[in-house]
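The block underneath contains the structure these notes are about, expressed in structure tokens.
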Amino acid sequence: MRRNRAENDASHAKLTRRAALLGGAQLLFMGGLAARMRYLQVDQADQFRLLAEENRINIRLIPPARGEIFDRNGVRLAENVPSYRIVMVREDAGDVDEVMARLSQIIEIDLETYERALAEVKRSAPFLPVTIVDDVSWDEVSKVSVNAPALPGITPEVGLTRVYPRGSDFAHVVGRVGRVSQKDLDALENPDQVLRIPRFQIGKINVEARAEDVLRGSAGTKQVEVNATGRVMRELSRREGQSGNDVQLTVDSKLQGYVQARLGEESAAVVVIDCVTGDLVACASAPSYDPNLFIGGISSKDYDPLLNSKYRPLVNKTVQGAYPPGSTFKMMTAMAALEEGLIGPDETVYCPGHLEVAGRRFHCWKRAGHGWVDLGNSLKQSCDVYYYDLALKVGIEKISAMANRFGLGIRHDLALSSVNSGLTPTKDWKRSARGADWVIGDTVNASIGQGFMLASPLQLAVMSARIATGEMVTPRLIKSIDGVEQPLAGDGPLDMNENNLRKMRRAMYEVVNDRRGTAYRSRIIADEWRMAGKTGTSQVRNITAAERARGVTRNADLPWERRDHALFVAFAPYDSPRYALSVLVEHGGGGSTAAAPIARDVMLQALAGGEPPLEAYPTGDRARIKAQQERLRDVQPQAAIDGNDQA
């Protein structure tokens, strides 16, 4: 059936509308596609270009040069020196075992280093360089270079390594660095990314650790082009980081070197403090060790003797050790009584050799007793009974409070590791720490620095400086950072009765300079350098009644570990104190025989600024001292004697 014209026109119009709608839809789709393509190719071009670049360009960190450490006169104590190392890239080496075997025939590699390096090579990515041997000599580098064709994948490299030119003299002050461990990272909340650089080193103890943020600096960056497997193809750009700040200490390297040499292999400690500024000019613990052994990782052969020695060379006895202060504490008991107005300098106490307290007999060191003694004679002759009697009048709370004012029982804030706070016990302390009540015998023991009383050599030196000056002398170890002087930490006068302090100083003077004084044999006869001090001997064992009845065993007849500790504290010159010091000799016996002679030698060395004249010693000592000085010159490095190697 044929359509009429009207029907054809209607059908044509309908098709035209559909075609228009379809065409419009197609145009809309093509327009959207074009807009999206433009957005991706033009508007987002920079972002996708960055993503593409990141697939082939890596940004890597450049470790910063560590700040150096100097003594008060600019002598280097820790520095960075060029160091050669041998590295291996596993994918270039081929047969790793064979190449390692060839290398060990060319340069000497100990078995422990060999096995550790081999294991590290095999577990690392094949394209990453792994250090086989650190700190090799130029001759060894030359040998490796000459034999390069037989050593595929082996390459010598140069970098910086930490070196301690004064060796064992400053191990317990400067400390040492070591490789970052997982324990180090776990201890930080947001560890710096530079710490994740393979074999990066940080401070482990003492100034190196406590001043880590100052010494480390900030990392630089470099852009390197890598292939699909991550292997570096070339370096594109580099931005150097910022080196760490230099740190200057208050310690005098010449004096420190002398003290370490004077102590020798004794298990001992010496602290010398400037009475005016609080600067620690010497802080020596013996025996010591060479921190350079730890830089590349210490071997068991070197470490085991240090760890197992009964003399504990790894422990910084100046601040970590806490010892009964013995008779060096008697000034604190006396000051507590004087400030409370409980005694006068002329009041006397009778010493028959012991004192009965609560049914127990407390003995004086002198079995026959000292007879009637006043304050001055009690210190000069170190009578124990006098201080037992004082303690019963004063009480432990006031004795401990007085000790705190003079720096005992206080943790001094220094850039050293494990600074001990010591212990000045109270009734509450014993109840809390020991679960027991305080008894009167505890007070009697504490009065002569025994029982629960503990102090470090640092604290005893601070106590001596405060007695000498009447000022709140506070120890300082860091003198400047990047040339900026650090503030002194002193806190004004002690607020003590000056007459009472004068009595203490005079009594300490007589300890050394009166013929009946316990340290008379260690006096200084040069008038301008006269020394005041106090001997101390602290027991480390109980003496039974049976032993007293048959006679107390001499220290020389006891095993070393059971002998008494020897102590001495001092300041000089007496009329105008410049330095104060403390000396501890572990299990040294008597303070007058073991500690006081060391103190005199060290004090004279400090006052003279070097080797003192023999005329400062009593005539009878000069031949012995001359021989000792000659021997110590041979022991000390010449640079330490001359003060060379300055920046």
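The values are calculated or read from the model by the stated rules, or taken from the named source; none is laboratory data. Computed from a prediction, not measured in an experiment: that's the story for all the values here. We place every Cβ from the backbone using ideal geometry, glycine too, and count neighbours over all the protein chains shown.
Right, Val473: of a type in the set (Val, Ile, Thr), outside any loop (DSSP other than H, G, I, E, B), in contact (Cβ under 8 Å) with a residue 40 or more places away in the chain and more than 17 Å from Val540 (Cα to Cα) or not?
On the way: of a type in the set (Val, Ile, Thr): yes; outside any loop (DSSP other than H, G, I, E, B): no; in contact (Cβ under 8 Å) with a residue 40 or more places away in the chain: yes; more than 17 Å from Val540 (Cα to Cα): yes.
Criteria not met by Val473.
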Can you give me the ranges of the helices (runs of 4 or more DSSP H) entirely in segment 18-118 with at least 3 residues that are at pLDDT 70 or above? 90-93, 96-106
Near pairs, Cβ below 7 angstrom, 6+ apart or cross-chain, from segment 393-419 (on the phi > 0 side of the Ramachandran plot) to any residue that is of a type in the set (Lys, Arg): Gly407/Arg466
Just one listed residue, out of Arg506, Arg521, is under 26 Å from Leu454 (Cα atoms), of a type in the set (D, E, K, R) and assigned to a helix (DSSP H, G or I), and it is Arg506
Tell me whether segment 517-535 contains one or more residues that are hydroxyl-bearing (Ser, Thr, Tyr) and in contact with a Leu (Cβ under 8 Å, 6 or more places away or on another chain). yes
Yes or no: segment 565-581 includes at least one residue that is surrounded by fewer than 21 Cβ atoms within 10 Å (Cβ to Cβ), under 29 Å from the mean Cα position of the chain (by Cα), more than 22 Å from Arg367 (Cβ to Cβ) and without any contact (Cβ under 8 Å) to a residue 60 or more places away in the chain. no
Within segment 354-405, residues surrounded by fewer than 21 Cβ atoms within 10 Å (Cβ to Cβ), part of a helix (DSSP H, G or I) and among the small types (Gly, Ala, Ser) come out as Gly376, Ala401
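Which residue out of Ala532, Ala546, Ala507 is exposed (fewer than 12 other Cβ atoms within 10 Å of the Cβ) and of a type in the set (A, V, I, L, M, F, W, C)? Write out each step before concluding.
On the way: Ala532 fails: exposed (fewer than 12 other Cβ atoms within 10 Å of the Cβ); Ala507 fails: exposed (fewer than 12 other Cβ atoms within 10 Å of the Cβ).
Going through Ala532, Ala546, Ala507 in turn, the sole match is Ala546.
Matching residues to (1) in contact with a helix residue (DSSP H, G or I) (Cβ under 7 Å, 6 or more places away or on another chain); (2) surrounded by fewer than 20 Cβ atoms within 10 Å (Cβ to Cβ); (3) not assigned by TED's automatic domain parsing to the domain that holds Asp274:
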{"residue": "Ser480", "(1), (2), (3)": "no, yes, no"}
{"residue": "Asn500", "(1), (2), (3)": "yes, yes, no"}
{"residue": "Val512", "(1), (2), (3)": "yes, no, no"}
{"residue": "Ala519", "(1), (2), (3)": "yes, no, no"}
